[in-house]
Structure formats: structure tokens, C-alpha cells
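Before any comments, here is the structure.
The values are calculated or read from the model by the stated rules, or taken from the named source; none is laboratory data. What you see is a predicted model, and the numbers here were worked out from it, not measured in a lab. Glycine also receives a Cβ, built like all others from the backbone with ideal geometry; neighbour counts cover every protein chain displayed. Heads up: the accessible areas ignore ligands, DNA and RNA and are worked out on the full protein's heavy atoms, side chains in. Shrake-Rupley method; radii C 1.70, N 1.55, O 1.52, S 1.80 Å.
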Amino acid sequence: MRSIGIGHTEMTGSGVIMGMMRIGDLGDAEIRGLFDAARSTGINTFDHADIYGGETHLCETRFGDALSLTAKAREEIILQSKVGIRPG
């Protein structure tokens with residue numbers, strides 16, 4: 001997997017970013033399965049937004065609840081988010 005440097009930091013993101021827009025209705029095991037599959041292919045960057053899932057912050061909340069990442073595991077991924085998006 002190609003990596004991309006993040007600004008003036010030592011962080012690198014994966015060349016492919018996994019979108020989390022549709023995970024609101026998935027169970028914990030399904031979300032963990034998607035996450036594990038992504039990580040096994042080298043994806044370390046996950047895209048969120050406050051409006052994903054219909055209910056404000058639903059997909060962000062589901063991601064956090066389903067994974068319960070350790071501090072070490074959290075340091076190995078990048079979460080990108082967009083905030084303040086207003087539907088049409």
C-alpha cells in the first residue's frame with residue numbers, strides 16, 4: 001500500500017482511505033470485520049463526518065463503540081473527519 005506523508009508531521013496515511021459513511025446500521029462484529037480487513041491490506045486512514053448515518057455523529061459513535069481501540073492501536077490509525085456539514 002502506498003503511503004502519503006501528512007503535512008509537517010512524521011505521520012503517514014494510506015493511499016486508500018476507508019469511508020465510514022454506511023456503518024451506522026452495522027453490528028459491532030461487522031464493523032470490526034471491516035476494520036480488520038482494511039488494516040490487513042495496509043489501510044490506516046478512516047473517513048468520518050458528523051452527518052454520516054443520518055443521526056449526528058452516529059457513524060463516529062458506532063466506530064468507537066465497536067472497536068474500543070487501545071491507546072497503542074489508536075496511534076496506528078488516522079481518523080479524518082469533516083464537521084459542520086449542512087444537508088442541502
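The heavy atoms of ILE17 present about 80 square angstrom of accessible area, all protein chains included, probe 1.4 Å. Placing one equal scatterer on every Cα of segment 40-88 and applying the Debye formula, the log10 ratio I(q)/I(0) at q = 0.16, 0.24 Å⁻¹ is -0.51, -0.96. Modelled this way, with points 7 Å down the Cα-to-C-beta line, the labels at ARG2 and ALA37 are 2.3 nm from one another. What's the longest uninterrupted piece of the chain once you rule out the trypsin sites (Lys or Arg not before Pro) that are loop residues per DSSP with at most 16 other Cβ within 10 Å? Excluding the exposed sites themselves, the longest stretch runs over 23-88. Summed over qualifying helices (DSSP H, 4 residues or more, each -39500 (n - 2.57)) and divided by its residue number, the chain shows a 222 nm mean residue ellipticity of -9000 deg cm²/dmol.
With every protein chain kept in place and ligands, DNA and RNA left out, what is the accessible area per residue of the chain? Probe 1.4 Å, answer in Å². Don't skip to the end; give the middle numbers.
Details: 5740 Å² over 88 residues.
Result: 65 Å² of accessible area for each residue.
Of the beta bridges DSSP finds with both residues in the chain, what % are antiparallel, to the nearest 5?
On the way: 3 of 11 bridges.
If I count the DSSP bridges inside the chain, around 25 percent turn out antiparallel.
Counted without the sites themselves, the longest stretch of the chain free of GluC sites (Glu not before Pro) in a DSSP loop having at most 16 other beta carbon atoms within 10 Å is 11-54.
A P(r) calculated from all alpha carbon pairs of the chain, with 10 Å bins opening at zero, reads 16, 49, 30, 5 percent. Remark on HIS48: its backbone amide H falls under 5 Å from those of GLN80, SER81, LYS82, a criterion applied only to residues 5 or more positions apart or on other chains, H modelled at 1.01 Å from N.
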